[in-house]
Each structure stands twice: as C-alpha cells, then as structure tokens.
Amino acid sequence: MSDFTSIPDSFFNPTVSAEDLPQMDAMLFRPLETAYKQFLYVRTLIFWALVFMGWIFFLLFTWNWSTLWLSVGGSGLWLSLAAFSLYAVHRGFERKGYALRERDISYRSGWLFKHWISIPYNRIQHCELRQGVIESSLDLMSLNIYTAGGSSSDLTIPGLKPDIASRIRDYIIKKSPLDEEE
Amino acid sequence: MKRSEDFEFQEPRYQSRAAILIMAYEYIRNFIGQFWFLFLILLFNADFWKYIIGLVALLVLAGSGVFSILAFRRFTFYIRDGSFIVNKGIFRKSRKNVSLGRIQAVHTEQNILHRILGVLELKVDTAGTGEKEFSIPALEPRLADRLRTKLLRERAMQSTPGEQEAHHRDEDRTEDKIFALRLIDLVKIGLSQNHFRTFGLIMAFLIGTSNRVEEFFNTSVYDYLTRSSFWKSVMSTSLSFYLFLFIGAVLLTLVVSIVLALFRYYGLTTWKSARGIRIESGLLNRRVQAAPIRKVQIYSWIVNPLRKLFGLFTIVISQASSEESSRSQALSIAGARASHIEMIKDLIYGRIASDWPEQVDVDFSMAWRYALFFGLLTALITFLLYYFLSWTLWLMVIAVPAVVLLNFWYYYNWDIRFNADCVTVSRGVFNVRTSVLEWYKLQSVEISQTPYMSRNGLANLSLYTASGEISLPYLNVDDAGRLYHYALYRTEEGNRSWM
C-alpha cells in the first residue's frame, strides 16, 4: 500500500502499545468489570436451564422406553452445549474490552468470532445508559452509543461500573457535536 | 399601506373544484391497488359473481364521489400569525399548523389527471421530524404561484440572514436536464428485468389460483385445454404439456415485466441544479425524488448480463436516511448509459473519484469456502427433496455444480479499489453493483474474524454509512487494519459535515 494511508504524526490520537493482533494497530483495551462475567454466566445458565426444562417436558409427553438412547443422547447434547457455552463465556470475557482515545471509542469482543468496532466521537448521534434487573443487582451498567448508520453500526459497552459509565458518557458528549435537539 | 395581496390568504379558502375528481381518482386507485387480485379471481367464476362485481364497482365509484365531495368541503387552508394552516379530514378531522420559518421548500407537481384538468398539486416541505410534508391536492396554477410566493416571502421575514442565504440557494430553480429515458430503452429495461423474480411471482399466482379455477369449473386445466384437437395434439404427452405451460409462463413474465417497467420508468427524467439532483418518473403516478449533493452517502450503479448487452445501467444514489426507509429514499435512474454514470459521478464527487491507484484483493479462500458451504447445503436440500418428496435426483446433479460455479463467479466479480478520498467496491453475481463512497462520510468501522480467518491472517472490514453498510470480506488482515485506521483518521480529522 502506498504512503497516502500513512497517518501524519501531527494527528494527535494517542495510543498505547498492548498485546493484541500484531497486524492491527495497537490500542489499549480496558477490560470490563469481573462482575459482568458473573452476569454472563447467570444469563447463560438461565437460558440453558429453560432449554433443558423444555426438553424434559418434551420427553415426559413422548416417553417411550424404546427410544431411551435417543433421550439420553439428546440430554447429553444439551448438557455439552451448555458446558461449551459456559466455557465460551469464560474465554470470551477476557477478550472483551473498550478503548477510549482522543477522537474515538472502540470495543473489542469475541473468542472464536472476533470483532473490533470504532465510532468517532463526531459521528455519535446520542448515547444511553442502561441497566437490566440482574445488572442492577450486580451494580453494572451498559453504555449504548448510537450512530446514523443503523443498528449494526452502533456500539454497546456492557459491564461498566455506574460512575465510570457516566464519566465516559459525559466525556463523549463533550467531544461529540451533540447540541440541543429542536 | 398594505396591498390587497397581503390579505389574500388570511381567510380560509377552498382549493380548486378539480380536487374532487382528483381525490376520487385517488380513492379508486387505492381500492383497485388493494383488491385487484380479488377481482381477477372472481372474474374466473360463474356469471353470478359478475353481477356482484358490477355492483361493487358502482358502490366504489359512488362512494368515492361522495367522500371526495365531503373531503373537498372540509379542506381549507390559510396563512395567519406566521403560520400556514390546513384543515382537512372527514372523520379524522385534523388541523395542521406549521410555522412559516420551518418551511424548507415549496414546489408543485402534476400527474396525468392534473395535467388534463389544468391544476397543480402544491407541496410544502418542512424541516424537522414528524409530519414533513403538507400538500394541497389541486390548485389553479396562478393561485398556486401566488400562494407559493406569499409563503416564501413570509418565511423570509421570519428567518435569520444565514437561513435566508440558504433559502436563496434553494430557490435557484434553474435546472439542467441531464438525462431522459428513451422509449426504446424503456422497452429494453422491461426485457432485461429480473425475470426470475417476476416469473416466481407469476408461478406462485398461477399455482395459487389454478386450484380455485379448477374447483369452479369442475375440470382440470389439462382437460379444459385439450378440448380442442389442436391443443390436444400439441400436448399429447405430459412433457409437452408442461413445456407449453412453461413457455406460456415465460411469455407472460416478459409481458408483465415490460408492463411493470413501463409504469415505473415511463418518462424518467433527471435534472441537476444548485439544489442537487431531481428525478421524475412514472406513467400514472408521477414520482419525484430529490437529493442535495451533500446528502449523498453512496453512489452506485448496477448492471446485469442482459442489461450489459443493451449497454444500460441502473444508477442508485443513496442519501442519509433511517434504516426502514433507506430503500425508498434512494434515487434510482434506470436505463442510464456509461457516460451518464461518469457524468453524475463527476457532478457529485468532482475529480476525487476518477483515479483508483490502489487495490485490495479478496482472498481466494472465500471462493472455495463459500462454494463448499453452499454446495453442501444445496446437496443436502436436494437430497432431502429426493428422499422425502420423491423429487428427481437429477436436480442435485444440476444444482450442486451450478451453485459451486455461481460462488466462484461471485468471487471473481469482487473488486475493491481506493484512493486518498474514496473507495469503490464491486460485488454481485448477476446483478453486479459498484459503489463509490467517501472515507470521511463513514459513521463507524468494524473488523471481524471467523476462526478460519484468525488462523489465516484474514479479516472482514465493514464500512457503515448513513445509508447502509458495505462489507469487504476475506481481506488480508494488515490491509484491513490499515484501511480501518485510515478511515477513522479521515472521519475524525476535519469538521466536514457528512450531510
């Protein structure tokens, strides 16, 4: 690639080296609160518990001794999927993180399927702080950042301490071109 | 001393009587639009229903007439205290009120009926969310002009000098016609439409209604058609019967495609002015689309193999919009030639979109991975069809290689080039779409990797704009990363408004 894609030194957007994909320009990603990991475990467990309950009901209604092996196999399948989900939460959590730079905000996530997304401050339409029921019991908040690019272009940073979340939001609002809506 | 025209619109007044006819026409058109298929089905049935249809038609006509007269009596408009006020509605009475300072533009439109009756429709665009447009269905031309002048003059009195400057710019109505669709090209567009889709719709319709038809006639389509000895000899075997149906459906598809194209694209004309680009098209219903140049987010053109033969392209100009409406907000020019593509591209981008010195490649692994995935999927589906529904296994023999080939063709059509200011991307199989977008207009950027990509130094790069997303798949991860950060740099460095 030619020189034009090199970014002038005078462009002040400080980054700090950290371990990441070696080819991707390094950004310092701050991890989420460890309590969020509990939240994710709980959510995953609830989901698989519901699935398993549905499966048990199904078995009860269609019980047939001759297909015992099918029932056992099916149960085994759900259990291993559940176990894998929980493991994925564990591996995925250490990759989750957000990066605040001078001019943009980024979020990294994913264990098997990796994502990095960045939104420049001057493209932020508005932001919201959200807190679900379980999240509030763990004292966590999510920060949602909306752009004009549709929902896939938006960014959500979960698992933040409430005061940090509001500080980030205030910082972003100051930096972005949000003014009084008519 | 106030002149008489200052008082002209202060009292509520009616629009032109022609509005009655125009509104009646709208009601009838809507009714037909909703229920045409019902009529078609009823038409196939016994004579008894024909009386019903006649009765219904009469009721609709009479009803439209009555409603239109009532609506006409309820529709009044006037200007008072710095606001433009419209009263309308028979059952849902409403009074719309817009402060004159918020008026963006006032323009007039005519469809066929307007032209016959010698009236205009007056439309008022306002800023802000909510009800964005007011419309007076029918006014005499001179009255419309006086109203327009009055509205704009009142608006000028209410706005700041900066706004007035912008208004003057918007007022510059001198336009250059830059494109007009020729009739012969219109026919070519009809012939080169996406026939598969029309064909699918027609087949669905035929299959859906053939059952009911057979019920009412108490016979099968086959028996009915073979009553005459000529057709009987043509369709002596079931193969020739199906061939006959197939050819019939194909011909019907062509005719329907051409007719639909005629209605949609008739008289398509494009103008450029200081305000941007405006497109008018349509036979019965004249559709007007407009976009200021600075609101353009993505500029694209689409070509399929049939259209390529004719040398015709479809240009699509996407503006900033909300997700749901982005389809309808995009301006499209069908039947354009390559020269038009360049001309409009220069209009929007100037010189910055002419040279593409750099290129990134989509990795070849995408081709065989997609081919593998979709090929296996097709094999599975065709096998299930064979196993459970006794469809022929030949379907698999034909479909799987076809799917594999299509995926390689899809890979082959990918093309990504860029320069310091914009990027141009081509993708697609039959409908190849080439899009140009400026780096600085992006809303956000994203990189994603599947496990395979992580292991092989590849990545997807997603570019998000205010009118949609463009995903660049299977790029080299270094290229993806560099483009990612360059895009952020271009978006963050200046204060240029992206719309």
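The values are calculated or read from the model by the stated rules, or taken from the named source; none is laboratory data. Computed from a predicted structure; not experimentally measured. Note that we place each Cβ from the backbone using ideal geometry, even for glycine, and neighbour counts take in every protein chain shown. To get the accessible areas, we keep the full protein, side chains included, count just its heavy atoms, and leave off ligands, DNA and RNA. Shrake-Rupley method; radii C 1.70, N 1.55, O 1.52, S 1.80 Å.
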Taking region B:402-433 as the region of interest, how many residues are of a type outside the set (A, V, I, L, M, F, W, C), in contact (Cβ under 8 Å) with a residue 24 or more places away in the chain and in contact with a Gly (Cβ under 9 Å, 6 or more places away or on another chain)?
2
Spot the failing condition for B:Phe364; the list is (1) hydrophobic (A, V, I, L, M, F, W, C); (2) crowded, with 19+ Cβ neighbours inside 10 Å; (3) touching a strand residue (DSSP E or B) at 6+ places or on another chain (Cβ under 9 Å); (4) more than 28 Å from B:Thr108 (Cα to Cα), and only one is missed.
(2)
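May I ask you to list the residues in region B:339-367 that are hydrophobic (A, V, I, L, M, F, W, C), touching a helix residue (DSSP H, G or I) at 6+ places or on another chain (Cβ under 8 Å) and either in a helix (DSSP H, G or I) or on the phi > 0 side of the Ramachandran plot (or both)?
B:Leu347, B:Ile348, B:Ala353, B:Met366, B:Ala367
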For region B:61-70, does any single residue satisfy the condition of being at pLDDT 80 or above, closer than 21 Å to B:Asn285 by Cβ and open to solvent by 30 Å² or more (accessible area, probe 1.4 Å)?
yes
Only one of B:Ile341, B:Ile352 that is closer than 23 Å to B:Trp414 by Cα, of a type in the set (A, V, I, L, M, F, W, C) and at pLDDT 90 or above
B:Ile341
Counting only residues that are at pLDDT below 80 and of a type in the set (Phe, Trp, Tyr), region B:230-274 contains a total of 6
Qualifying residues in region A:157-170 (those that are out of contact with any helix residue (DSSP H, G or I) (no Cβ under 9 Å at 6 or more places or on another chain) and open to solvent by 40 Å² or more (accessible area, probe 1.4 Å)) - the one farthest from the other protein chains (Cβ to nearest Cβ):
A:Asp163
Quick one: what pairs do we get from region B:68-83, first residue farther than 12 Å from B:Pro12 by Cα, second small (Gly, Ala, Ser), C-beta under 7 Å, 6+ apart or different chains?
B:Ser68/B:Ala24; B:Phe72/B:Ala19; B:Gly82/B:Ser99; B:Ser83/B:Ser99
Of the residues in region B:468-496, those that are facing chain A (nearest Cβ under 9 Å) and hydroxyl-bearing (Ser, Thr, Tyr) number 4
I'm trying to understand the selection: among the residues of region B:418-428, which are open to solvent by 10 Å² or more (accessible area, probe 1.4 Å) and within 12 Å of chain A (Cβ to nearest Cβ)?
B:Asn419, B:Ala420, B:Asp421
Criterion first (more than 24 Å from B:Val303 (Cα to Cα) and within 14 Å of chain A (Cβ to nearest Cβ)) does B:Gln359 satisfy it?
no
Quickly run through region A:87-117 and pick out the residues that are open to solvent by 50 Å² or more (accessible area, probe 1.4 Å) and of a type in the set (A, V, I, L, M).
A:Leu100, A:Leu112
Of all residues in region A:93-104, how many are touching a residue at least 24 places away in the same chain (Cβ under 8 Å) and more than 10 Å from every other protein chain (Cβ to nearest Cβ)?
7
Looking at region B:126-194, what helices (runs of 4 or more DSSP H) fall wholly within it and have at least 3 residues that are farther than 28 Å from B:Lys88 by Cα and at pLDDT 75 or above?
B:183-191
Which count do you get for residues in region B:458-467 that are at the interface with chain A (Cβ under 7 Å from one of its Cβ atoms) and of a type outside the set (Phe, Trp, Tyr)?
2
Output the number of the condition that A:Asp154 fails; it satisfies all remaining conditions of (1) more than 14 Å from chain B (Cβ to nearest Cβ); (2) surrounded by 18 or more Cβ atoms within 10 Å (Cβ to Cβ); (3) within 28 Å of B:Glu469 (Cα to Cα); (4) charged (D, E, K, R).
(1)
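Taking the residues in region A:133-147 that are surrounded by fewer than 22 Cβ atoms within 10 Å (Cβ to Cβ) and within 30 Å of B:Val296 (Cβ to Cβ) as candidates, determine which candidate is nearest to the other protein chains (Cβ to nearest Cβ).
Selected residue: A:Tyr146.
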May I ask you to say which residue of B:Tyr412, B:Tyr452 is surrounded by fewer than 15 Cβ atoms within 10 Å (Cβ to Cβ), within 14 Å of chain A (Cβ to nearest Cβ) and under 16 Å from B:Phe364 (Cα atoms)?
B:Tyr452
Would you confirm whether or not region B:297-319 contains a residue that is over 19 Å from B:Gly428 (Cβ atoms) and among the aliphatic types (A, V, I, L, M)?
no
So is A:Ala18 modelled with pLDDT under 80, away from chain B (no Cβ under 14 Å) and open to solvent by less than 50 Å² (accessible area, probe 1.4 Å) or not?
yes
Consider A:Pro120 against the criteria (1) surrounded by 18 or more Cβ atoms within 10 Å (Cβ to Cβ); (2) without any contact (Cβ under 8 Å) to a residue 24 or more places away in the chain; (3) out of contact with any Leu (no Cβ under 7 Å at 6 or more places or on another chain): it satisfies all of them except one. Which criterion is unmet?
(3)
Please work out which residue is nearest to B:Tyr489 (Cα to Cα), limiting yourself to region B:440-449 and to residues that are among the hydroxyl-bearing types (Ser, Thr, Tyr) and within 8 Å of another protein chain (Cβ to nearest Cβ).
B:Ser444
